[in-house]
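Working notes for the structure below.
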Amino acid sequence: MYRKDQVKGIVAIILFGIIGVSFFVFGDESPLTKYIALGAFVIWLLATYFIRKNFEKND
């Protein structure tokens with residue numbers, strides 16, 4: 001498994017954990033939970049971009 005795939009997996013696990021905790025704390029009908037999920041998606045896209053950019057530079 002490539003190192004960049006491992007890093008993306010770790011980021012995904014952390015973000016899914018944050019989303020899961022927000023569902024338990026605030027419930028799925030809370031607007032705050034939806035904003036947290038949307039924010040996690042944006043963070044995932046940015047992390048994927050920067051991880052790809054960083055590992056392409058090193059190869």
- Message: Give the lysines reachable from K57 as a straight Cα distance under 21 Å; neighbours fewer than 8 places away on the same chain don't count.
- Response: K4, K8
- Can you tell me the 0 to 90 degree angle between the C-alpha axis of helix 3-26 and the longest principal axis of the chain, rounded to 10? 10 degrees
- Query: What number, in percent, do you get for the relative contact order of the chain if the mean sequence gap of Cα pairs under 8 Å and at least 6 apart is divided by its residue count?
  - Reply: 44 percent
- Message: Using +1 at the C-beta of Lys and Arg and -1 at the C-beta of Asp and Glu, which of I13, L45, V25 has the Cα lying farthest in the positive direction of the dipole of the chain?
- Response: L45
- Query: Can you pull the three principal axis extents for the Cα set of the stretch 6-53, in Å, largest first?
  - Reply: 36, 16, 8
- Query: Put a dot 7 Å past each Cα toward the Cβ at Y49 and E29; how far apart are the dots in nm?
  - Reply: 3.6 nm
- Task: Round to the nearest 10 and give me the degree value, 0 to 90, for the angle of helix 31-58's Cα axis relative to the longest principal axis of the chain.
- Result: 0 degrees
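No lab work stands behind these numbers, since they all come straight from the coordinates. The model shown is predicted, which means the values in this text are computed figures rather than measured ones. Counting neighbours? That spans all protein chains shown, and the Cβs are built from the backbone with ideal geometry, glycine included.
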